[in-house]
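Heads up, the thing below is written out as structure tokens.
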Amino acid sequence: MQAPVFDMAPPVKAFPDGIPESVCIKFESLALELLELGFRKYSADAILHRLRWHHHVELGDAAFKLNDHWTAPLARWFMNRNSKAGKFFEVRERAGA
């Protein structure tokens, strides 16, 4: 069997594993709004807290849980998806990366 001429990169995931699509979409929306307001850097954690407010207060879903471990994957996902954002969020190097 002949080896392929080039290796195809795996497809980019639409959303980070285990994070609800609605959370990803709202996270992106808020981050883009901040960029439009002129912020060059921001806290992904602050956006996650704003998302808690959105779900608990604005949507009336007090039982909805947002995991703090979603912060870094959401930040990386956003910056990969929105290359013009540059390093909008500060993220640590991943072990083994």
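Checking each residue in segment 59-75 for being out of contact with any helix residue (DSSP H, G or I) (no Cβ under 8 Å at 6 or more places or on another chain), surrounded by fewer than 18 Cβ atoms within 10 Å (Cβ to Cβ) and within 23 Å of residue 89 (Cβ to Cβ) picks out 65, 67, 69. For the condition of a type in the set (A, V, I, L, M, F, W, C), over 18 Å from residue 90 (Cβ atoms) and either modelled with pLDDT of 95 or more or surrounded by 14 or more Cβ atoms within 10 Å (Cβ to Cβ) (or both), residue 15 qualifies. Among the residues in segment 42-55, are any modelled with pLDDT of 95 or more and not in a helix (DSSP H, G or I)? Checked segment 42-55: at least one residue is modelled with pLDDT of 95 or more and not in a helix (DSSP H, G or I). Pick from 39, 27: which is part of a loop (DSSP other than H, G, I, E, B) and either among the aromatic types (Phe, Trp, Tyr) or surrounded by 10 or more Cβ atoms within 10 Å (Cβ to Cβ) (or both)? The match here is 39.
The values are calculated or read from the model by the stated rules, or taken from the named source; none is laboratory data. Everything quoted here is computed from the prediction, not taken from an experiment. In this analysis, Cβ positions are derived from the backbone assuming ideal geometry, glycine residues included, and neighbour counts consider all displayed protein chains.
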